[in-house]
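Only one structure is covered here, and it is reproduced in the block below.
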Amino acid sequence: MGNYKALMIYFSSFSMFFAVCDMIVRPFIHSYGTCFFMIMSLKEWPFGKEAAQIAISVLCGCGGVTPFLIAIHFIYRFFALERKGNLKYFSGKYMIAWFVIPLLGGLNWFHLSWFYYRRNDKTTEYIRKAVLENFGLQMNETVYSAALFYPPDENGVPQIDWSIFISYIILSISMVTVSLHSLVKFKLQAVPFTILLVAGALSHSKIKKLIEHGECEYTKRLQLQLYRALVVQTFLPVFLFFIPLGALFTAHLLHIDIGNWSYLTTYLYALYPAVDPLPIMFIVQEYRVAFYDLFDCFRCTPPPTKIEDVSSIYRNNESS
């Protein structure tokens, strides 16, 4: 489907990079009091602390790339269904721009982790006891990315850290749908979930009209399966990544200590890169059949391998 294959390669390559970063960093996500943090053990880390801090910030940056990639996929799919020549905006220099946009989103998250959430004396002392009790680590054996919303002042009285609060607002806007006022206020150029919802709804209406425009049943089926796969690939990061992290992040601003429930966020966060490729593999029939072909030796009756055979089976199932 034209340059769509380039987007798929880009998405797949990034997912593999994300998974490798996750395996290297092996982060623990935890909450304590009014602090949310992602911590990395240095016990088996062969390089220095500065390299470890870069690694954990890069991992945070990967989280900022994901929603923009999904949004761009939805835009392309809508342009392809619309058939008004707008796919020209996914070729040449425009294609380079589409590739750069997710990287800018990731750079934003990397920037927040590196400049706002990196190791500092107040946060280190605040989470020292929690890190030792929960992970058996001394603070000199770790690096972390942490947001301490209410650090104690010289008298021990908690005071809001406005730099952390502002960074939280910026981070939230990059994750959820916001109003136009917020867009102008914070000068962000894209809100990926807004684009995703609008393009997704428009794409679905276009798919429903394919038969009316004289499209064959096979084309409609393929378009609908790709759309469903993209929708599922959208909800996976929402429920495995953004909602858990967003809830964990917001709780501390409201003085809610989640405690051991933060372990669930770690598991969901680690699960996401593994399950992300599954929708496209199992929802699109041609891919699913090709995947099953790999295990023919374990099947009594091997599945059909030709697209023509698959289409025939689909039509027979529809008739029945």
Quick check on segment 291-300. Is at least one of its residues out of contact with any Pro (no Cβ under 8 Å at 6 or more places or on another chain), modelled with pLDDT of 60 or more, farther than 30 Å from C21 by Cα and buried (at least 16 other Cβ atoms within 10 Å of the Cβ)? no
Looking only at segment 116-135, decide whether some residue is free of Cβ contacts under 8 Å to residues at least 40 places away in the same chain, touching a helix residue (DSSP H, G or I) at 6+ places or on another chain (Cβ under 7 Å) and over 13 Å from C35 (Cβ atoms). no
Restricting to segment 208-254, what's the tally of residues that are modelled with pLDDT of 70 or more and basic (K, R)? 3
Leading residue by the ranking (modelled with the lowest pLDDT) among those in segment 1-26 that are of a type in the set (V, I, T) and either touching a strand residue (DSSP E or B) at 6+ places or on another chain (Cβ under 6 Å) or closer than 19 Å to I101 by Cα (or both): I9
Select from segment 58-102 the residues that are without any contact (Cβ under 8 Å) to a residue 12 or more places away in the chain and in contact with a helix residue (DSSP H, G or I) (Cβ under 8 Å, 6 or more places away or on another chain) and write down the one among them that is surrounded by the fewest Cβ atoms within 10 Å (Cβ to Cβ). K88
Being among the aliphatic types (A, V, I, L, M), in a helix (DSSP H, G or I) and touching a residue at least 12 places away in the same chain (Cβ under 8 Å) is the filter here; which residues of segment 9-46 pass it? A19, I24, V25
Test: residue in segment 75-92 that is closer than 14 Å to N3 by Cα, within 21 Å of the chain's Cα centre (by Cα) and of a type in the set (S, T, Y): yes
Filtering segment 153-168 down to residues that are modelled with pLDDT of 80 or more and of a type in the set (S, T, Y) yields S163
Select, from Y126, Y150, the only residue that is more than 30 Å from F47 (Cβ to Cβ), crowded, with 18+ Cβ neighbours inside 10 Å and at pLDDT 65 or above. Y150
Just to be sure before I move on: is I29 at pLDDT 90 or above, assigned by TED's automatic domain parsing to the domain that holds L254, under 19 Å from F241 (Cβ atoms) and in contact with a Ser or Thr (Cβ under 7 Å, 6 or more places away or on another chain) in the structure I sent? no
Tally of residues being polar (S, T, N, Q) and more than 16 Å from the chain's Cα centre (by Cα) across segment 47-62: 1
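The values are calculated or read from the model by the stated rules, or taken from the named source; none is laboratory data. Note that the coordinates shown come from a computational prediction; the quantities given were computed from them, not determined experimentally. All Cβ positions, even for glycine, are placed from backbone atoms using ideal geometry, and neighbour counts span all protein chains on display.
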